[in-house]
Amino acid sequence: MADVAVQSHGRSGGIVMNDDWPGYSLDLFSYPAHYCGDLDCVFIPHGMIMDRTERLARNIMDDLGDHDIVVLCVLKGGYQFCVDLVDRIKALSRNSNRTIPMRVHFIRLKSYLNDQSTEDLHILGAEDLSFLAGKNVLIVEAIVGTGKTMETLLMHVEAFRPKMIKVAGLLVKRVPHNAACLPDYVGFEIPDRFVVGYALDYNEYFRDLNHICVISESGKMKYKI
Ligand code: HPA
Ligand code: MG
């Protein structure tokens with residue numbers, strides 16, 4: 001995304017979920033009963049997220065192995081992806097000669113109300129990132145839409161003069177004005193639909209759902225602010 005002393009080896013933009021992908025029937029999977037009626041379908045099952053994350057960890061290891069990195073987890077939506085990605089990188093580090101010593105730092109971004117992005121983006125916990133100077137930074141984000149949030153965050157992080165910045169995004173959404181900058185590591189490219197689960201929320205609900213699902217209209221009404 002930003003610089004780079006390190007080459008990515010011809011990576012794809014992730015697994016592409018087409019616009020007409022209907023998802024899987026909810027009856028085929030288990031999910032918390034308290035969300036019964038609030039979801040349309042299972043869009044990406046938890047197991048598939050985990051398998052894709054494992055491969056992203058390997059790609060990151062291939063590119064950054066033997067570099068010290070600071071993982072910058074973008075809360076709240078990025079926490080589950082960050083935990084699972086770091087876990088997979090740790091497993092690879094245990095089982096090979098190449099390792100990635102990692103530090104993990106958390107920042108919080110907030111810009112969504114209901115299913116709409118608001119103009120004012122708040123970055124919390126990012127006031128003093130001076131310890132990033134000269135470091136290799138891996139930003140871990142759950143979802144990238146227009147890329148505006150990511151652009152703002154990158155500018156903010158770049159100001160602290162890290163040696164390198166890479167971005168891992170679990171989901172990239174195909175929105176009308178798509179991202180000028182895309183993550184270096186992408187899990188899935190998805191249509192422009194509001195998804196929840198795997199730590200992605202709708203007004204703080206659905207973070208406790210393992211699969212990535214499409215919220216139903218009645219779900220939106222029920223949890224609207
Ligand atoms: N779901 C949850 N949070 C989000 C989304 C989404 O589809 N897009 C941007 N933030
Ligand atoms: Mg949110």
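The values are calculated or read from the model by the stated rules, or taken from the named source; none is laboratory data. Please read all numbers here as calculations on a predicted model, not as lab measurements. Here the Cβ positions follow ideal geometry from the backbone for every residue, glycine too, while neighbour counts run over all protein chains shown. Ligands, DNA and RNA are excluded from the accessible area calculation, which covers all protein heavy atoms including side chains. Shrake-Rupley method; radii C 1.70, N 1.55, O 1.52, S 1.80 Å.
The orientation-averaged projected area of the convex hull spanned by the Cα atoms of region 126-183 comes to 3.7 nm². In region 1-158, a dipole from Cβ-located charges (positive for Lys and Arg, negative for Asp and Glu) runs towards its positive end, and of GLY147, GLN116, VAL104 it is VAL104 whose Cα lies farthest in that direction.
Express the relative contact order of the chain as a whole percentage, based on alpha carbon pairs under 8 Å and six or more residues apart in sequence. With pairs under 8 Å counted, the relative contact order is 28 percent. Computed on protein heavy atoms with a 1.4 Å probe, the accessible areas place TYR31, TYR185 in the order TYR31, TYR185, largest first. By a 1.4 Å probe calculation restricted to protein chains, THR146 has an accessible surface near 70 Å², given to the nearest 10. Per-residue surface analysis assigns GLU158 an accessible area of about 80 Å², computed on protein heavy atoms at 1.4 Å probe radius. By the Cβ rule of 4.7 Å, the chain holds the following cysteines without a possible disulfide partner: CYS36, CYS41, CYS181, CYS213.
Convex hull volume of the Cα atoms of region 17-114, normalised per residue: 152 Å³.
Please report, in cubic angstrom per residue, the volume enclosed by the convex hull of the alpha-carbon atoms of the chain.
Spread over its residues, the Cα hull of the chain gives 123 Å³ apiece.
Pairs exceeding a 22 Å alpha-carbon distance, out of LYS76/LYS148; LYS135/LYS173; LYS76/LYS163: LYS135/LYS173; LYS76/LYS163.
Given their separation in residues at 0.36 nm each and the Cα-Cα distance between them, LEU75 and LYS224 gain 51.5 nm when the chain is fully extended. The candidates HIS177, HIS122, HIS46, arranged from most to least accessible area with a 1.4 Å probe in the full protein assembly, appear as HIS177, HIS122, HIS46.
Apolar share of the accessible surface for region 96-225: 53 percent from carbon plus sulfur atoms, 1.4 Å probe.
Just to verify a number: FRET efficiency for PHE131 and THR152, C-beta to C-beta distance, R0 = 22 Å, to 0.05?
Efficiency, from the Cβ-Cβ distance: 0.60.
Of all aspartates and glutamates in the structure, those lying under 20 Å Cα to Cα from LYS224, and not within fewer than 8 positions of it along the same chain, are ASP38, ASP40, ASP115, GLU119, ASP120, ASP192, ASP201, GLU204, ASP208.
Taking all protein chains together and a 1.4 Å probe, the residues MET155, MET61 rank MET155, MET61 from largest to smallest accessible area. With q set to 0.09, 0.10, 0.13, 0.18 Å⁻¹, the log10 of I(q)/I(0) for region 62-172, from the Debye formula over equal scatterers at the Cα positions, is -0.24, -0.29, -0.49, -0.90. The slack between LYS110 and GLU204, meaning 0.36 nm per residue of separation minus the straight C-alpha distance, is 32.7 nm.
In this structure the chain gives 48 Å² per residue of accessible area when probed at 1.4 Å with all protein chains present. When the helices of the chain are scored as -39500 (n - 2.57) per DSSP H run of n ≥ 4 and the total is divided over every residue, the value at 222 nm lands at -7500 deg cm²/dmol.
Identify the GluC sites (Glu not before Pro) of region 175-225 meeting these criteria: DSSP loop state and at most 11 other C-beta atoms within 10 Å of the C-beta. It would help to have the intermediate numbers written out before the result.
On the way: sites: GLU189, GLU204, GLU217; in loops: GLU204.
Filter output for region 175-225: GLU204.
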